[in-house]
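Please treat every number below as a calculation from the coordinates, not as lab data. Here the structure is a predicted model, which means the values were calculated and not measured. Glycine also receives a Cβ, built like all others from the backbone with ideal geometry; neighbour counts cover every protein chain displayed.
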Amino acid sequence: MPVTIGKLGRMAGVKVETIRYYERIGLLGPAARTEAGYRSYGEEAAGRLRFIKRGRELGFSLDEIRTLADLADNPLQPCADVDRLASHHLQEVRQRIADLQRLEAELEQLVGCHESSVRKCRIVEALSREA
């Protein structure tokens, strides 16, 4: 049963502007149109939108999602292609986690300044230094 762009957005938890954007960049195929010119989406579009949204939740870029969607559209492709892309993404996530842990350790050393004025504040001093 076809749905409007508003209903599709509510079902998927995505803003209407986001759906239009995904259509513009070709990540989501163009919608059918009613006689009145309104967009009309079927289950295939809803499935693709769920795929895109979940990919974004996992931190994949739109280009990576496009590649994954292209692979998903060709079910005879080897799964190794998908696995390679996901493995690369996992490495990037682990690197970001390591970077955030370093940032956390640095901030832990800075917080807790109880100087009487900002002039003596070690946080402000640390921000003023070169890295």
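With contacts taken as Cα pairs under 8 Å and at least 6 residues apart, the chain reaches a relative contact order of 15 percent. Within the chain, the longest run free of exposed loop sites, counting GluC sites (Glu not before Pro) that sit outside DSSP helix and strand states (H, G, I, E, B) and have at most 11 other Cβ atoms within 10 Å, spans 36-129. Counting only whole DSSP H helices of the chain, the ones at least 27 Å long by C-alpha along their axis and with mean Kyte-Doolittle hydropathy no lower than -1.0 are 79-110.
Largest mean-square fluctuation among Ala105, Ala45, Ala86, in a Gaussian network model of the chain whose springs join Cα atoms under 10 Å apart, belongs to Ala105. Cross-link candidates for Lys15: which aspartates and glutamates have Cα within less than 19 Å, leaving aside residues fewer than 8 places away along the same chain? Excluding near neighbours in sequence, the set is Glu23, Glu43, Glu44, Glu57. For the range 1-88, the list of trypsin sites (Lys or Arg not before Pro) that fall in a loop by DSSP and count at most 15 other C-beta atoms within 10 angstrom reads Lys15.
Annotation for the range 1-19 versus the range 35-76: alpha-carbon center distance of 13 Å.
Estimate the FRET efficiency between Val93 and Ala72 by the formula 1/(1 + (r/R0)^6), using the beta-carbon distance for r and 22 Å for R0, to the nearest 0.05. After rounding to 0.05, the efficiency reads 0.60.
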